Amino acid sequence: MRILSVICGIVLTVQFVYGGVSDATFTVLVKDEAHLPVTNATVGANFMRSKPIGSGAGSETHQHITGQTDTNGLYVFHGACNGVVYWSATKDGYYKTYALPVAFSNSIAGRWLPWNNTYETVLRKIEHPIPMYAKKLRPREFYIPATNSPVGYDFVKGDWVAPYGLGETPDFIFILDCVLGETRKSGIQMYNATLSLSFSNEDDGIQEVIDNPRTEGSVYRLPRYAPENGYMSNWKSSTSADLKSVNCEYAEDQNFFFRVRTKKDMDGRIISANYGKIRGPLFYEVLSRGTSLQMIYYFNPNPNDRNMEYDPKRNMSENLRTGERVNEP
């Protein structure tokens with residue numbers, strides 16, 4: 001687990017310094033999940049260019065180039081840029097990729113180096129997308145309603161269980177243990193907090209899965225099917241803040257699968273269960289006005305179906321605000 005430290009009260013800015021416009025060439029290789037080349041994939045690249053000072057709104061413009069991969073899955077891009085290029089790939093029957101950066105180190109004699117490096121990406125096939133309950137709980141908008149006592153969350157209703165909301169089935173049970181310290185004049189809240197997660201049924205549980213951060217590669221992340229075994233009956237994460245830093249136990253490549261609503265026969269064998277996934281970290285933030293929870297979840301309502309390929313056009317969650325909608329599979 002990575003520990004994230006943020007210096008409180010100080011804004012740290014990373015500034016990229018680009019040179020003038022120079023020629024750039026690079027090759028892209030598009031493969032499928034079997035690592036075979038994808039022919040006739042459409043690839044596009046934006047070669048960014050800085051605008052002259054005083055030329056109007058916006059600091060950059062770009063040259064957009066598109067092409068088709070050959071029988072080896074390759075395409076060579078040529079263009080001119082200020083050192084920044086983003087490219088992507090798509091093809092009918094596959095999930096598209098995010099915009100992928102090309103890394104140049106420096107410009108010599110009017111050419112960006114390295115010259116003609118090869119960059120790879122994987123296109124994942126669209127196989128069996130299904131309707132699911134999916135919702136994005138947004139930071140600083142969705143708050144844990146109680147401290148030091150269990151509160152349940154219902155994936156179908158998309159709300160806390162009564163008395164805190166309209167939920168009926170406590171799929172996840174959270175307990176926030178939080179000790180608040182003083183609040184400085186700057187508004188910084190001192191605290192020590194632990195968020196614990198437990199479940200309603202024996203053999204309900206959660207397990208972590210590591211995948212690339214959500215802005216790398218295909219928009220469809222994670223395995224297609226939730227695991228059959230390996231679920232933990234509890235999970236917890238701690239965070240604290242003092243005058244110097246905030247320490248949080250989470251990582252950008254952290255994701256989860258979960259199993260809930262588990263039913264067993266007289267011999268202890270599972271006869272029914274529902275599966276789902278959490279894309280990205282399960283993150284919470286202690287603020288002076290409360291503790292907000294961040295979670296992007298997908299819940300398959302079909303018992304014993306471990307398929308996690310969600311169809312964004314058939315979200316079963318109702319009455320979602322714009323920021324709560326999940327548009328990625």
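The values are calculated or read from the model by the stated rules, or taken from the named source; none is laboratory data. In this text the structure is predicted, and so the values were computed from the model without any measurement. Here the Cβ is made from the backbone with ideal geometry for all residues, glycine too, and neighbour counts use every protein chain on show.
Across region 319-329, the qualifying residues are those that are out of contact with any strand residue (DSSP E or B) (no Cβ under 9 Å at 6 or more places or on another chain) and in a loop (DSSP other than H, G, I, E, B), and the one among them that is surrounded by the fewest Cβ atoms within 10 Å (Cβ to Cβ) is Asn319. Each residue in region 86-121 was checked for being crowded, with 18+ Cβ neighbours inside 10 Å, aliphatic (A, V, I, L, M) and modelled with pLDDT under 95, and 2 of them qualify.
Out of the residues in region 280-306 that are crowded, with 18+ Cβ neighbours inside 10 Å and not in a strand (DSSP E or B), state the one that is farthest from the chain's Cα centre (by Cα).
For region 280-306, the residue satisfying everything is Arg306.
Selection of first residues in region 73-89 that are touching a residue at least 12 places away in the same chain (Cβ under 8 Å) and assigned by TED's automatic domain parsing to the domain that holds Gln63 and of second residues that are acidic (Asp, Glu) and part of a strand (DSSP E or B), restricted to Cβ pairs under 8 Å at least 6 apart or on distinct chains, gives the following pairs, ordered by first then second residue: His78/Asp23; Gly79/Asp23; Ala80/Asp23; Asn82/Glu60; Val84/Glu60.
With the structure loaded, tell me whether Phe258 is buried (at least 16 other Cβ atoms within 10 Å of the Cβ) and touching a Cys at 6+ places or on another chain (Cβ under 8 Å) or whether it fails that test. No, not satisfied. Here is the figure for region 280-312: residues that are of a type outside the set (A, V, I, L, M, F, W, C) and either outside the structural domain of Asp159 (by TED's automatic domain parsing) or modelled with pLDDT under 95 (or both) total 10. Selection of region 95-143 for residues being of a type in the set (Phe, Trp, Tyr) and in a loop (DSSP other than H, G, I, E, B) yields Tyr95, Tyr98, Phe104, Trp115, Phe142. Can you say whether Asn315 is at pLDDT 95 or above, touching a Lys or Arg at 6+ places or on another chain (Cβ under 8 Å) and either on the phi > 0 side of the Ramachandran plot or surrounded by fewer than 21 Cβ atoms within 10 Å (Cβ to Cβ) (or both), as far as the supplied structure shows? Yes. For region 2-11, the criterion of being modelled with pLDDT of 60 or more and among the basic types (Lys, Arg) is satisfied by no residue at all. Going through (1) buried (at least 20 other Cβ atoms within 10 Å of the Cβ); (2) farther than 28 Å from Asn302 by Cα one by one, Gly158 falls short only on (2). It is to be established whether one or more residues within region 190-197 are surrounded by 15 or more Cβ atoms within 10 Å (Cβ to Cβ), within 17 Å of the chain's Cα centre (by Cα), at pLDDT 85 or above and closer than 18 Å to Lys277 by Cβ. No, the conditions are met nowhere in region 190-197. Report whether or not Thr69 is modelled with pLDDT of 95 or more and loosely packed, with under 14 Cβ neighbours inside 10 Å. So Thr69 fails the test.
Contact map, region 310-322: first residue closer than 14 Å to Lys157 by Cα, second residue in a loop (DSSP other than H, G, I, E, B) and among the hydrophobic types (A, V, I, L, M, F, W, C), Cβ cut-off under 9 Å, separation 6 or more or different chains; pairs are Asn315/Val326; Met316/Val156; Ser317/Phe155; Ser317/Val156; Ser317/Val326; Leu320/Val326.
Pairing each residue of region 160-176 that is among the hydroxyl-bearing types (Ser, Thr, Tyr) with any residue that is at pLDDT 95 or above, provided the two are 6+ apart or on different chains, yields C-beta distances under 6 Å for Tyr164/Pro145; Tyr164/Val151; Thr169/Asp154. Any chance region 227-244 includes a residue that's buried (at least 21 other Cβ atoms within 10 Å of the Cβ) and within 17 Å of the chain's Cα centre (by Cα)? No, region 227-244 contains no residue that is buried (at least 21 other Cβ atoms within 10 Å of the Cβ) and within 17 Å of the chain's Cα centre (by Cα). A count restricted to region 255-273 and to residues that are without any contact (Cβ under 8 Å) to a residue 60 or more places away in the chain and among the polar types (S, T, N, Q) stands at 2.
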